[in-house]
Amino acid sequence: MDITSIKPRDPAGRAIRPRIWAMGISRLRALFREVAGEYEERADLRVVARGFEEALSAIAAAGDARPDVIVAAGSNGSYLKTRAPMPVVLVTPTGFDVMHALARARRDASRIALVSVGDTPPEVRRFIAAYGLDVEFASYQSAQEAENCVHDLRDRGIETVVGPGLVTDLAASAGMGAVFLYSHASLRAAFDTALEVAYATHAEALRRQRLDNLLQQLRDGVVALDAQGRVEAINERLALALGVAPADAVGRALAELTPDLRTLRADDGDALATVRGVRYVVHRGPLVDRGVTSGSVLTFQESRAVERLDRALRSQPQTQQFAARYTLDDVIGASAAVARVRERVRRYAKSDATVLVLGESGTGKEMIAQSLHALSARRRYPFVAVNCGAFPEALLESELFGYDEGAFTGARRGGKPGLFETAHRGTLFLDEIGEMPPSLQSRLLRVLQEREVVRLGSTEPIRIDVRVIAATHRPLFAAVEAGTFRADLYYRLNILNIGLPPLRERAADIPALAAALLTQAARREQRLADRLRDTGEAARVLAPADAVLMRYRWPGNVRELQNVIERIAVELAEDADDGGANASGVDDEPMPALDPDALRVIAPELFAVPSGAGNEPDDPDGPDSPDDGRTLHARRRRAEADEIRAALDACDGDRDRACAMLGISKTTLWRKLAADGATGKRKPDAR
């Protein structure tokens, strides 16, 4: 291994030089000094002539300058390995060392012994047996055992001893031959291993330091646990909450730090815990090291802080996302009427002229407006929508045109830009434009003409670049004739216009539209999500209901169809719950088709044919009549009649109040109702 390739660096980018102490006495000390010079550039390597208790005392006296790794051999190495506070690398003789030492001993004596610390390794015994060498084996654990071992070998007639430094020194003192076992190669291997250990230790220390710094910066209490649940790292905030010092917590089980945590679940996820009277939300997640879970990390957040944050979020108004969500691909239908709408949208998207979208309630006017924006050159800029009938007059004025500070009581400090300014370079969609109060119509007309807006309380005009798309379900021309809508504003808005057909006039599109709506509803209903994955499956389920859905006149258009489909989705979900599931918990049986009898219960209005609705077989002015309501004039007349009936219903049949609400005379009221009744589609209200 290339040791230089794994050198760690300190935070300043400097290469770290590990401190290595070579602990050797007698002959090993001299051999250490011969090799140490080769490592001067890579490590701070010191040869320390200490052993056993004296070596431990030297390490303790070094303080912060103590070594990162110790290299030792023989009984001294075994002693330090179990007692030193840092890693100890033992010098291990190689097979070549053993063979070379035995060969040297054989030249000088006929009876030799190999002495090792602890039991002689089996591979050494096999090696000697393979070469047929006559060698005695002996071992020792301590210095006293080594001395006894040498004397015993001498008494048994052993002439030369092969072994570590302590044994060879004792053998020489006893008048015996002595061959030192270790070589330069075995020392270099030990030093290389010591460097690897030191680099790995430094890298781990730096990682722990970074982790600790990160933990200390967090506002919540955090603790990292090892696989046995012992504390590896803890930040000061949590340690303070637990009433312990961070250094004292490391290495201890979390449950030992406070009895309040003994009932804390070991599962990953969220839990509640009370520590010293304070309630916490505790989240436990896995601590993964190289793809293996090696522990867990717990975060402690005070429940009061969570509650305050929740209240703050709830009290803040939701930021409106001024972006178009729909495109022309969301407009479902293959009828000629829908094809004409698509063609007009594509054509008008290339222009910046104002567009007026006409259609009954629920026909998708805002979807068309968003599609226009999404296809236009303004698509990267805001799409801002406002319902002109949803605000009181004063509030609508401030929303559209904005206001300066102090413009009125309660005005926001610093003022507020209006929606015209917000939509700068984008599109402003004015829904229900027919509901705009007459006093604001003149201001809107000026903005459309001059392309500048003046905030309330200000005299400075602000230039704007906005495309306006307006929409209404009311017959605006009739409102112009009645004097409730400015004619000049009408002509300013009606530069380009798109008329949306009601759903009853494109009955052939209903099955595909219903299938798409059911697919959308299934995504929101978990019980259906796995069984209705696409519109093809949804169309199959709804097939028995297609005839009923196509026959119904849908006064609420697509919005009403969506409501019915939502009801069907709920019923299908209940049926799915009643069905069986396979062993994996997923029902892989196809969803059964909708029962027509169930549809009658779910949506009884689909089967109720109103009198005079044009659906009776003997109705001379039914769907096959030349004047079947498809002309623009007929649709406008029907919309006016619907509006009048709605006003009569709202006024409990009081014609005077209804006329006052609509701004028309009684004669006009009855004339328009009678004109609509003459088509054979509806009869005048008997009231």
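The values are calculated or read from the model by the stated rules, or taken from the named source; none is laboratory data. Note that this is a predicted model, so its numbers are computed, not measured. Note that each Cβ is placed from the backbone with ideal geometry, even for glycine, and that neighbours are counted across all protein chains shown. Keep in mind that these areas ignore ligands, DNA and RNA; they rest on the heavy atoms of the full protein, side chains included. Shrake-Rupley method; radii C 1.70, N 1.55, O 1.52, S 1.80 Å.
Packing-wise, with mean Cβ within 10 Å as the measure, how do 554-562, 600-608, 72-80, 491-499 rank, highest first?
Going by the mean number of other Cβ atoms within 10 Å, highest first, we get 72-80, 554-562, 491-499, 600-608.
Work out how much length Glu589 to Ala174 would gain on full extension: take 0.36 nm times their residue separation and subtract the Cα-Cα distance, in nm to one decimal.
Full-extension gain reported as 140.2 nm.
Looking at the chain, send over the antiparallel percent of its DSSP beta bridges, to the nearest 5.
Antiparallel bridges: around 45 percent, rounded to the nearest 5.
Diagonalise the Cα gyration tensor of region 144-207 and give the resulting equivalent ellipsoid semi-axes, square root of 5 times each eigenvalue, largest first, whole Å.
38, 13, 7
Take each complete run of DSSP H in the chain, measure how far its Cα atoms stretch along the helix's own axis, and keep only those covering 20 Å or more with mean Kyte-Doolittle hydropathy at least -1.0; list them.
The qualifying helices are 95-108, 184-217, 510-524, 557-578, 632-650.
Classify region 527-566 as rounded, prolate or oblate from the Cα gyration tensor: take a ≥ b ≥ c as the square roots of its eigenvalues, call it rounded if a/c is under 1.5, otherwise prolate when a/b beats b/c and oblate if not.
Oblate is the answer for region 527-566, as a/c is 1.5 or above yet b/c matches or exceeds a/b.
Report Rg (one decimal) and Dmax (nearest whole number) for region 177-279, counting Cα atoms only, units Å.
In Å, with Rg to one decimal and Dmax whole: 21.1, 76.
Can you list residues whose amide H is under 5 Å from Val48's amide H, if they're 5+ apart or on another chain and H is modeled 1.01 Å from N?
Amide H neighbours of Val48: Ala22, Met23, Gly24.
Percent of alpha carbon pairs in region 468-583 separated by more than 21 Å?
53
Based on the Cα gyration tensor of region 454-501, what are the three equivalent ellipsoid semi-axes, each the root of five times an eigenvalue, rounded to whole Å and given largest first?
Semi-axes (√(5λ), whole Å): 27, 16, 9.
Per residue and in Å³, how big is the convex hull formed by the alpha-carbon atoms of the chain?
302
Rounded if a/c is under 1.5, else prolate if a/b beats b/c, else oblate: with a ≥ b ≥ c from the C-alpha gyration tensor eigenvalues square-rooted, which is region 344-492?
Because a/c hits 1.5 or more and a/b fails to exceed b/c, region 344-492 counts as oblate.
When N is the residue count of region 338-390, what does its C-alpha Rg come to as a fraction of 2.2 N^0.38 Å?
For region 338-390, the normalised Cα radius of gyration comes out at 1.15.
What does the charge dipole of the chain about its Cα centre add up to, to the nearest 20 debye, if the Cβ of each Lys and Arg holds +1 and the Cβ of each Asp and Glu holds -1?
2120
In whole percent, and with a 1.4 Å probe on the protein chains, what portion of the accessible area of the chain is carbon and sulfur?
50
Got a number for the accessible area of Met661? Probe 1.4 Å, square angstrom, nearest 10.
120
Can you pull the one-decimal nm distance between simple spin-label points at Ala129 and Arg111, each 7 Å off the Cα toward Cβ?
Going by the 7 Å Cα→Cβ label model, 2.3 nm.
In whole Å, what are the Cα extents of region 60-159 along the three principal axes, biggest one first?
52, 28, 22
Can you give the helix-only mean residue ellipticity at 222 nm for the chain, where every DSSP H stretch with n ≥ 4 adds -39500 (n - 2.57) and the sum goes over all residues, rounded to the nearest 500 deg cm²/dmol?
Dividing the helical sum by the residues of the chain leaves -13000 deg cm²/dmol.
Round to the nearest 10 and report in Å² the accessible area of Tyr182, as given by a 1.4 Å probe over the protein chains' heavy atoms.
30
Tell me the per residue accessible area of the chain using a 1.4 Å probe; a whole number in Å² is fine.
Using a 1.4 Å probe on heavy atoms only, each residue of the chain averages 52 Å².
Which order do the peptides 158-166, 218-226, 286-294 take when ranked by the mean count of other beta-carbon atoms within 10 Å per residue, highest first?
So the order, starting with the most tightly packed, is 158-166, 218-226, 286-294.
With label points built 7 Å along Cα→Cβ from the Cα atoms of Arg446 and Asp465, find their separation and express it in nm.
Distance between the two pseudo-spin positions: 2.4 nm.
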